[in-house]
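The values are calculated or read from the model by the stated rules, or taken from the named source; none is laboratory data. If you're wondering where the values come from, they're calculated on a predicted model, not measured in any experiment. For accessibility, only protein heavy atoms count, side chains too; no ligands or nucleic acids. Shrake-Rupley method; radii C 1.70, N 1.55, O 1.52, S 1.80 Å.
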Amino acid sequence: MLATLASSTRAAGDARAVTPGRYFQPEAETMSRDEIAAVQLAGLRSSLRNAYDRVPVHRARFDAAGLLPDDVQSLDDLQRLPFTVKSDLRDHYPFGLFARSPSELARLHASSGTTGKPTVVGYTQQDLETWSGLMARSLHAAGARAGDVIHNAYGYGLFTGGLGAHYGAERLGAAVVPMSGGSTERQVALIMDFGARVLCATPSYALAIAEVAEAQGVDLRHSGLKVGLFGAEPWSQAMRLEIQERLGLKARDIYGLSEIMGPGVACECECRAGLHGWEDHFLFEVIDPDSGRVLPEGEAGELVITTLSKQALPMVRYRTRDITRLSTAPCDCGRTHVRILRITGRNDDMLIIRGVNVYPSQIEAVLLGRPMIAPHYQIVIERRGSLDHVGLEVELQPGVPETSHGLISHDVTHHVKSLIGITVEVSLKQPGEIPRSQGKAVRVRDLRPKAN
Ligand code: DLL
């Protein structure tokens, strides 16, 4: 099957010769399941050793579980260790889970934590090498090639999307256009002018680009775009079809999270039958989120990931909160790495708004403590056109004069934008207007179409 991989990547009408890039790595990507297990066991033992020797939090947990890294004889032994959760990163902010000192790091990234403190992740130079390699492998699996122009509209900065895709594209041997998000009209012009063959963006931003192009009278279906790598937020099959139709490319799903690495933990291949999770660097489990029990292959549950090669931030059984299923059935592309089926949602209250991770508690933290605002609010998220729109309904304290309304709205909008990074439309409500709940307050009304 692999022999046909190169020829099958030649999209109809795309006459360019397909160069088997350096980042199709058959020796790694098509190992037998037994070979994968052997690589994983070796990686697990050394990663647990790294965590045990250098991270007091992990050492205490391993000791409490009565399992030393050298005791690990099989992959199943991992189940004897407890999970790591997002709040562990917050509780040991900023560097408490790091296995390297800041002087040994090459980069730091951060994403939203559940409250004011961000989740901080760090990389050694070798971690960055691994990440670039896996991102290059992902790009290649999705259909990008050395020599392509890759238009990268993932946000650059603390978010891992921009730089993660950037270094992977360079490693692949492509020319990257480091566009980041925003300036959508300019994005359209540069996609056309530079002849980009590959687009990297969140799926909702890809649609926004299509919309702006259409409004400008530009038909991106006639551009050079052939492949899109879309991720960082859940998206549906319907959205895939719409993106493909409007941009004239093959839309592929890419998954990742900062705590584990960033984009490129898993990616769809040409077959688009699930995302290959790169098992030579990560170990994937799916658990019942309530009992924590590991579920048999094929059952839906929460994805848990253990890193096998990370130096700076080894993660042991990290609960991603993402809901999915796994399959080790052979894929038509010939790759043997497990497939993570489309992420259908999360089992915590984290929202992903225009690709930005947001917890309702962060918005609450902005509202509470503002004297004219009562502790009752609702976040209403809709899809307007292709983009998320966030309404923030906020209840006033009794007796607030109407003359202050403009100032209050502006103050809330400004602080939400500067502290959390999203734009909200504030509507002020009179005392008692926000519905009170009998039980758990309904803080979020998410009216966007669901992923399926
Ligand atoms: O979103 C990394 C990334 C960048 C992935 C670009 C793909 C492309 P975080 O900001 O840490 O990292 O957010 C991670 O985003 O736990 C999922 O809930 C969600 N997510 C990421 N990719 C997908 C996807 C980046 N393909 C969180 N489908 C994860 C559904 C996704 N959800």
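Cα centroids of the range 387-440 and the range 127-171: 38 Å apart. Please list, in order along the range 339-353, the HN-Hα scalar couplings obtained from phi with the Karplus expression 6.51 cos²θ - 1.76 cosθ + 1.60 (θ = phi - 60°), rounded to whole Hz, x for Gly and Pro. Per-residue couplings from phi come out as 9, 9, 6, 2, 6, 9, x, 10, 10, 10, 9, 5, 9, 10, 10 Hz.
Bridging of Lys226 to lysines at a Cα separation below 29 Å is possible for Lys250, Lys450, once same-chain residues fewer than 8 apart are set aside.
Protein-only accessible surface at a 1.4 angstrom probe places the residues Arg272, Arg342, Arg59 in the order Arg59, Arg272, Arg342, largest first.
For Lys117, the lysines whose Cα falls under 28 Å of its own Cα, not counting residues fewer than eight places away in the same chain, are Lys86, Lys310, Lys417, Lys440.
Helix-derived [θ] at 222 nm for the chain: sum -39500 (n - 2.57) over DSSP H runs of at least 4, divide by residue count, nearest 500? Could the numbers behind the result be given before it?
Values: 12 runs with 136 residues, N = 452.
Mean residue ellipticity, 222 nm, calculated: -9000 deg cm²/dmol.
Which order do Ser409, Ser103 take by accessible area at a 1.4 Å probe, largest first? Present the calculation step by step, with values, prior to reporting the outcome.
Working: Ser409 30, Ser103 105 Å².
Highest to lowest solvent-accessible surface, that is Ser103, Ser409.
Sequence-ordered 3J(HN,Hα) estimates for the range 200-217 from the Karplus curve with 6.51, -1.76 and 1.60 and θ = phi - 60° stand at 10, 6, 5, x, 6, 6, 4, 5, 5, 4, 4, 4, 5, 4, 4, 5, 8, x Hz, glycine and proline given as x.
Where both bridge residues fall in the range 350-446, DSSP classifies roughly 55% of the beta bridges as antiparallel.
Sequence-distant contacts, meaning Cα pairs under 8 Å at least 6 residues apart, place the relative contact order of the range 350-446 at 32 percent.
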